[in-house]
1. Pairs needed: first member in region 228-242, within 12 Å of R271 (Cβ to Cβ) and at pLDDT 95 or above; second member anywhere, buried (at least 20 other Cβ atoms within 10 Å of the Cβ) and of a type in the set (V, I, T); C-beta distance under 6 Å; at least 6 residues apart or different chains.
2. What number of residues in region 116-148 are surrounded by fewer than 19 Cβ atoms within 10 Å (Cβ to Cβ) and touching a strand residue (DSSP E or B) at 6+ places or on another chain (Cβ under 9 Å)?
3. Kindly list the number of the only condition in (1) more than 19 Å from A224 (Cβ to Cβ); (2) surrounded by 15 or more Cβ atoms within 10 Å (Cβ to Cβ); (3) among the hydroxyl-bearing types (S, T, Y) that fails for T85.
4. For the condition within 11 Å of the ligand (Cβ to nearest atom) and modelled with pLDDT of 95 or more, what is the one hit in L105, L126, L147?
5. Within region 57-78, how many residues are in a loop (DSSP other than H, G, I, E, B) and near the ligand (Cβ under 8 Å from one of its atoms)?
6. Just the residues that are over 17 Å from E231 (Cα atoms) and crowded, with 16+ Cβ neighbours inside 10 Å, please, taken from region 178-198.
7. How do the pairs read when you match residues in region 165-194 that are basic (K, R) with residues anywhere that are not in a loop (DSSP other than H, G, I, E, B), using Cβ under 7 Å and keeping only pairs 6 or more apart or on different chains?
8. Select, from E112, E76, E102, the only residue that is of a type in the set (D, E) and under 12 Å from the mean Cα position of the chain (by Cα).
Amino acid sequence: MIAKRKTTAKPVKAAAKSAAKTASKPSAAKRTGRTATKAAAKPARKPAMQLNVIKPSVNNLSVRIFARAAKLDVEEKDVYGATRTPDFLKRNPAHLTPMLEEKGLPRGALWESCAIMQYLSNKHGLEKFYPKNPARRAMIDSAMFYLIGTLYPYVARATYPALRFPQYPGEVGHAELEAHHKSAAQKAAMDAIAEPLDVFRSFYLSDKPFIGGAQPSIADIRLAATLEFLEVVDYKLPKWARDYMAAMEKKLGKAYSEPAADVRGYIAYVRSQAA
Ligand SMILES: N[C@@H](CCC(=O)N[C@@H](CS)C(=O)NCC(=O)O)C(=O)O
């Protein structure tokens with residue numbers, strides 16, 4: 001979560017803007033994937049969908065990778081710092097990104113990264129990323145729910161302080177407490193990551209290269225993108241996880257590395273500031 005409360009400090013905004021400038025050169029392309037090339041030839045046609053994004057975020061990174069990997073006709077709009085404006089809140093009262101806008105949607109807008117990837121896979125028949133077979137699909141859904149509900153909260157609590165993102169009300173990191181309380185909470189979250197992470201290895205991946213099998217699924221995209229944040233706290237990923245992330249990037253190529261550069265650039269920026 002970025003730019004969420006008053007404490008969302010200007011440094012975050014400045015850092016994100018700076019990171020966007022330095023790290024997101026490829027993302028300046030108005031469209032994603034194949035369409036970007038086509039856009040040069042046919043600049044007048046309006047893309048079918050708009051994806052509102054905040055570039056240093058891994059929630060956003062998931063859908064940005066997916067849109068490119070699936071070669072969808074999506075135009076990205078950077079809404080950093082604009083998610084609480086009256087106009088945005090009218091369209092999306094949850095003020096969350098990524099947010100897809102498309103005429104076919106009942107309310108015109110859709111947020112939640114996994115729901116967006118599910119919707120687009122269903123709509124475009126992208127079985128490769130989201131199998132139709134109910135049992136196989138259930139495993140992808142389970143992996144994504146488990147990530148959002150269990151792994152991600154630990155990752156957020158462990159990394160948001162270093163990322164300079166605001167934390168959630170009610171959490172130690174958000175409360176007016178002395179620094180040692182906050183660092184103890186951050187360490188506890190960091191320690192807690194190992195267990196759910198290993199569930200991805202032992203259960204969802206099992207002996208397959210990806211949760212999706214031979215091909216990365218939307219759950220794989222969501223997992224690899226999430227793990228990108230751990231770099232900011234020097235989290236020592238186990239070898240299988242490092243190999244898995246490398247395999248994801250190799251398989252998806254630029255569709256992965258281009259938007260990942262924004263997150264990595266932001267992490268490099270905050271780390272340089274801390275140093
Ligand atoms: N569970 C959501 C999380 C989305 C989320 O937290 N988005 C943050 C960026 S990381 C955001 O847009 N925050 C802006 C705001 O709340 O104003 C997802 O997976 O899409």
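The values are calculated or read from the model by the stated rules, or taken from the named source; none is laboratory data. The model shown is predicted, which means the values in this text are computed figures rather than measured ones. FYI the Cβ positions are ideal-geometry reconstructions off the backbone, even for glycines, and counts take in every protein chain you see.
1. Taking only residues 6 or more apart or on different chains, the pairs are E231/I267; V232/T159; V232/I267; V233/T159.
2. Final tally of qualifying residues: 2.
3. It fails just one condition, (2).
4. Values: L105 fails: within 11 Å of the ligand (Cβ to nearest atom); L126 fails: within 11 Å of the ligand (Cβ to nearest atom).
Checking each option against the conditions leaves just L147.
5. If we filter region 57-78 for residues that are in a loop (DSSP other than H, G, I, E, B), which is where we start, we get 57, 70-73.
Cutting the leftovers down to near the ligand (Cβ under 8 Å from one of its atoms) gives us 57.
Here the count works out to 1.
6. The answer is K182, A185, P196.
7. Cβ pairs passing all conditions: K182/P161; K182/V172; K182/G173.
8. Working: E76 fails: under 12 Å from the mean Cα position of the chain (by Cα); E102 fails: under 12 Å from the mean Cα position of the chain (by Cα).
That would be E112, the only listed residue that is of a type in the set (D, E) and under 12 Å from the mean Cα position of the chain (by Cα).
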